[in-house]
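Trainee: Quick one: structure below, then a few questions.
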Amino acid sequence: MKGKFDVEKEYGRWQETALKKALERSPERRKSFQTTSNIDLKPVYTPLDIEGLDYLKELGFPGEYPFTRGVRPTMYRGRFWTMRQYAGFATAEETNQRYHYLLKQGQTGLSVAFDLPTQIGYDSDHPLCTGEVGKCGVAIDSLADMEILFEKIPLDKVSTSMTINATAAILLAMYCAVAEEQGVPLDHLRGTVQNDILKEYTARGTYIYPPKESMRIITDIFSYSKDHLPQWNTISISGYHIREAGSSAVQEVAFTLANGIAYVEAAIAAGLDVDSFAGRLSFFFGVHNNFVEEIAKFRAARRMWARIMRERFGAKQPTSWMLRFHTQTAGCTLTAQQPDNNVVRVAFQALAAVLGGTQSLHTNSRDEAFALPSEESVTIALRTQQIIAHESGVGDTIDPLAGSYAIEALTDKIENKAFEYINKIDEMGGGIKAIESGFMQGEIADSAYRYQREIEHKERIVVGLNEFTAEETPFTDILKISPQVERYQKEKLDKVRAQRDPQKVKDALEKLKQAAQGTDNLMPPILEAVKRYATLGEIADVLREIYGEYKEHTIIT
Amino acid sequence: MGKRKIRVLIAKPGLDGHDRGAKVIARALRDGGMEVIYTGIRQTPEQIVATAIQEGVDVVGLSCLSGAHNQLFPQVVKLLRKQGVDDVLVIGGGIIPYDDIPALKKAGIAAVFQPGTPTEEIITFINERLGDHH
């Protein structure tokens, strides 16, 4: 290999002469350059860094194992990613209007944000819900609200993603019931329920039941969907919230895939064949500021999952090996200072997600360090995606950064470091054990604290926050949720309770109770209860009574 | 010497699960020489007040990112006052719009810290407010 020898020799010469001389004249800006995952970056990457790279084994072709270059043979030359802005606030009526607005602006899929009572299984009139109704998402108490939420939105034409976890089975059942009312067969429905409870325990906090019982509900959804909702993504295994809680890029990949492994193991233990459900697993990542690291992260995650599914679980279907994912730009990078700068941050992050091969994308709005986005802000965020798609040209050739020495070296590095974590978690007994022991939470909290200290010590510059600051007038042009929403929602709920057939509700809830005590799939009785206008809180309470509630262990390390 | 450490309760009222900020601040205050108790998520104002009294804290720091701060923060102050506690400094932070801050202050929240606030600023604020008593 004469070529390799030449490069090595020349690299050594360059370091000793040109680089050395330059450094003697003036040192580099910092002692070391590191990514968020503490990966030391070299001054320059060369063919030596990808010397062992076996193209066919490590990269291959788009749409083929190990999918490093993308999950589809055509990627964005076929069609662009789905532009899916996460939206929901106040009442179903108001959110329905926002959806119609977004679809009219060229958005291609819906993404439902529910308020916290809906996510944690309380009706709007529950005493714990004071102040929370309709605040960080739309309030859904019963099928009546869901009917309004999707009014005049044909469910066979749009795909809908629902950020719902502990109560995913109930909201999925409501969605199915609305589809039936619209005359849309269930096997035509396309969309996703987040349904990822494990990251709720570590990073997001909307759990209800303990892990074991939650896993049973999740595998029941897998099982029901494979028979009735073949186009539905039954879970969105999420690194986004892990990252938002403070993790590094490597930890995001490692903990997400470790959780993924736990779900696959649970489903296999519940008697499902791996290829019967694995193709409907989907993923969700954040996209942060470090451009090169983020692109490498997505590529590494795809290759890792393919290897895990094929080698570890023996999945035979190519669709079982594919890591299909949604991306959201990182909310934690938005600044309250000089909020218009956020538009620029979001654009770079979104570009990294596209260069990383995302299947769908949410771009944050500039005002989200203050409140849910205004219509004007959300339009700029959507336009950002449209500009990347239609003007930048990055979608015209697939995985255009492949072969870059730095990108490939970093893709390898992230894969190796993330597998080290996964091995460690395996040794602890798996993802659930690593959560119960507080391992993941501790690692995330440590990274979050380090990040904050770096900002405060100016080792990390955030424009407008700790450098290039300016006196500014308060940004007040934001979305406001009327306090009337809570009262209105309670009135609607009273009306639903008064108009339904109480005996039928009681019978349906009793059937659910029996299923929950035994081993029958929970989805059919939940669907039945929903159609009888049993409320979300009533259904969640039946399961609370039997399964109990999870209590977190909080430790400040 | 002779000075008792400032005791702080960091609390998450309501249903919000975003605890990155609460945990970071808990740790920063501890590293800043204070004794810190963290409630964990999903606490009612009643639970927070009971813990604050039981632990005899000097400061209650409330964190809320869900938008429920206008209802929950004042409720904590109100319940503290009802229990006859009026010497506890109550501060808050989270996703809180500028427009909401005056009313929160009027309700007895001594300071509201928005995203991006250096932890040092919060430590200084607490020390200045409580300085003489400790």
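Listed here are the residues, each with its yes/no results for (1) of a type in the set (Ser, Thr, Tyr); (2) in contact with a helix residue (DSSP H, G or I) (Cβ under 7 Å, 6 or more places away or on another chain); (3) crowded, with 24+ Cβ neighbours inside 10 Å.
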residue	(1), (2), (3)
A:VAL138	no, yes, yes
A:ILE148	no, yes, no
A:SER161	yes, no, yes
A:ASN165	no, yes, yes
A:LEU189	no, yes, no
A:TYR224	yes, yes, no
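Trainee: On to the next question. Cβ-Cβ distance below 8 Å, separation of 6 or more or different chains: which pairs start in region B:112-125 with a residue that is closer than 11 Å to B:GLY32 by Cβ and within 11 Å of another protein chain (Cβ to nearest Cβ) and end on one that is of a type outside the set (A, V, I, L, M) and surrounded by fewer than 17 Cβ atoms within 10 Å (Cβ to Cβ)?
Mentor: As it stands, the answer is B:THR119/A:GLU456; B:GLU120/A:GLU456, since those pairs meet every condition given.
Trainee: Let me ask another. Is there a residue being assigned to a helix (DSSP H, G or I) and either among the aliphatic types (A, V, I, L, M) or in contact with a Pro (Cβ under 6 Å, 6 or more places away or on another chain) (or both) anywhere in region A:485-493?
Mentor: Checked against the condition, which is being assigned to a helix (DSSP H, G or I) and either among the aliphatic types (A, V, I, L, M) or in contact with a Pro (Cβ under 6 Å, 6 or more places away or on another chain) (or both), region A:485-493 yields at least one hit.
Trainee: Would you point out which residue out of B:ILE53, B:ILE10 is among the β-branched types (Val, Ile, Thr), closer than 28 Å to B:GLY131 by Cβ and more than 9 Å from every other protein chain (Cβ to nearest Cβ)? If you could, list the steps in order and put the result at the bottom.
Mentor: On the way: B:ILE10 fails: more than 9 Å from every other protein chain (Cβ to nearest Cβ).
B:ILE53 is the lone residue from the list that is among the β-branched types (Val, Ile, Thr), closer than 28 Å to B:GLY131 by Cβ and more than 9 Å from every other protein chain (Cβ to nearest Cβ).
Trainee: Name, by its number, the condition in (1) free of Cβ contacts under 8 Å to residues at least 60 places away in the same chain; (2) more than 13 Å from chain A (Cβ to nearest Cβ) that does not hold for B:ARG27.
Mentor: Looking at each condition in turn, B:ARG27 falls short on (2).
Trainee: Just checking, which of A:ALA203, A:ALA173 is in a helix (DSSP H, G or I) and farther than 26 Å from A:VAL158 by Cα?
Mentor: A:ALA203
Trainee: Shifting gears a bit: Does region A:379-392 hold any residues that are surrounded by fewer than 15 Cβ atoms within 10 Å (Cβ to Cβ) and either among the hydrophobic types (A, V, I, L, M, F, W, C) or part of a loop (DSSP other than H, G, I, E, B) (or both), and which are they?
Mentor: Scanning region A:379-392 gives a single hit, A:ILE387.
Trainee: For region B:101-111, what are the residues that are within 26 Å of A:GLN452 (Cα to Cα), in contact (Cβ under 8 Å) with a residue 12 or more places away in the chain and surrounded by fewer than 20 Cβ atoms within 10 Å (Cβ to Cβ)?
Mentor: Listed by number, the residues that qualify are B:ALA110, B:ALA111.
Trainee: Also: Have a look at B:VAL49, B:VAL85, B:VAL59, B:VAL90 and point out the one that is among the aliphatic types (A, V, I, L, M), farther than 21 Å from A:GLY131 by Cβ, out of contact with any Pro (no Cβ under 7 Å at 6 or more places or on another chain) and surrounded by 23 or more Cβ atoms within 10 Å (Cβ to Cβ).
Mentor: B:VAL59
Trainee: Give the number of residues within region A:278-294 that are outside any loop (DSSP other than H, G, I, E, B) and within 13 Å of A:VAL253 (Cβ to Cβ). Break it down stepwise before answering.
Mentor: Within region A:278-294, the first condition is being outside any loop (DSSP other than H, G, I, E, B), and the residues that meet it are A:278-287, A:291-294.
Subsequent filtering for residues that are within 13 Å of A:VAL253 (Cβ to Cβ) retains A:283-287, A:293-294.
Summing the residues that are outside any loop (DSSP other than H, G, I, E, B) and within 13 Å of A:VAL253 (Cβ to Cβ) in region A:278-294 gives 7.
Trainee: Take region A:138-153 and flag every residue that is on the phi < 0 side of the Ramachandran plot and assigned to a loop (DSSP other than H, G, I, E, B). Reasoning before the result, please.
Mentor: Taking region A:138-153 as the starting set, the residues that turn out to be on the phi < 0 side of the Ramachandran plot are A:138-151, A:153.
Across region A:138-153, the qualifying residues are A:ALA139, A:ILE140, A:ASP141, A:SER142, A:PHE150, A:GLU151, A:ILE153.
Trainee: Applying the selection to region A:430-462, what residues are of a type in the set (Lys, Arg) and closer than 23 Å to A:LEU198 by Cβ?
Mentor: The answer is A:LYS433, and nothing else.
Trainee: Can you tell me which of (1) more than 12 Å from chain A (Cβ to nearest Cβ); (2) in contact with a Ser or Thr (Cβ under 9 Å, 6 or more places away or on another chain) is the one B:ASP86 doesn't meet?
Mentor: It fails just one condition, (2).
Trainee: Can you pull out every residue in region B:64-82 that is of a type outside the set (A, V, I, L, M, F, W, C), closer than 18 Å to A:GLY131 by Cα and either more than 8 Å from chain A (Cβ to nearest Cβ) or not in a loop (DSSP other than H, G, I, E, B) (or both)?
Mentor: Passing the criteria: B:HIS69, B:ASN70, B:GLN71, B:PRO74, B:GLN75, B:LYS78.
Trainee: Please go through region A:91-132 and pick out each residue that is β-branched (Val, Ile, Thr), at the interface with chain B (Cβ under 9 Å from one of its Cβ atoms) and touching a Ser or Thr at 6+ places or on another chain (Cβ under 7 Å). Before the answer, list the steps.
Mentor: Initial filter on region A:91-132 (β-branched (Val, Ile, Thr)): A:91, A:95, A:108, A:112, A:118, A:120, A:130.
Next, from what is left, pick out any that are at the interface with chain B (Cβ under 9 Å from one of its Cβ atoms): A:120, A:130.
Residue satisfying the conditions is A:ILE120 alone.
Trainee: Hey, could you check region A:393-442 for residues that are among the charged types (D, E, K, R) and in a loop (DSSP other than H, G, I, E, B) and say which is nearest to A:ILE237 (Cα to Cα)?
Mentor: The residue in question is A:ASP399.
Trainee: Let me ask something else. If you go through region A:436-457, how many residues are away from chain B (no Cβ under 14 Å) and either touching a residue at least 24 places away in the same chain (Cβ under 8 Å) or closer than 13 Å to A:GLY260 by Cβ (or both)? I'd like the intermediate steps shown before the answer.
Mentor: We begin by selecting, within region A:436-457, every residue away from chain B (no Cβ under 14 Å); these are A:436-437, A:439.
Add one more test, that the residue is either touching a residue at least 24 places away in the same chain (Cβ under 8 Å) or closer than 13 Å to A:GLY260 by Cβ (or both), and what stays is A:436.
Summing the residues that are away from chain B (no Cβ under 14 Å) and either touching a residue at least 24 places away in the same chain (Cβ under 8 Å) or closer than 13 Å to A:GLY260 by Cβ (or both) in region A:436-457 gives 1.
Trainee: While we're here: Given the structure, is B:ASP99 touching a strand residue (DSSP E or B) at 6+ places or on another chain (Cβ under 8 Å) and facing chain A (nearest Cβ under 8 Å)?
Mentor: no
Trainee: Here is a check on your reading of the model: is A:THR335 β-branched (Val, Ile, Thr), within 14 Å of chain B (Cβ to nearest Cβ) and touching a residue at least 40 places away in the same chain (Cβ under 8 Å)?
Mentor: Yes: the conditions hold for A:THR335.
We did not get these values from a lab; they are worked out from the coordinates using the rules stated. The shown structure was predicted, so the numbers you read here are calculated from the model rather than taken from an experiment. Counting neighbours? That spans all protein chains shown, and the Cβs are built from the backbone with ideal geometry, glycine included.
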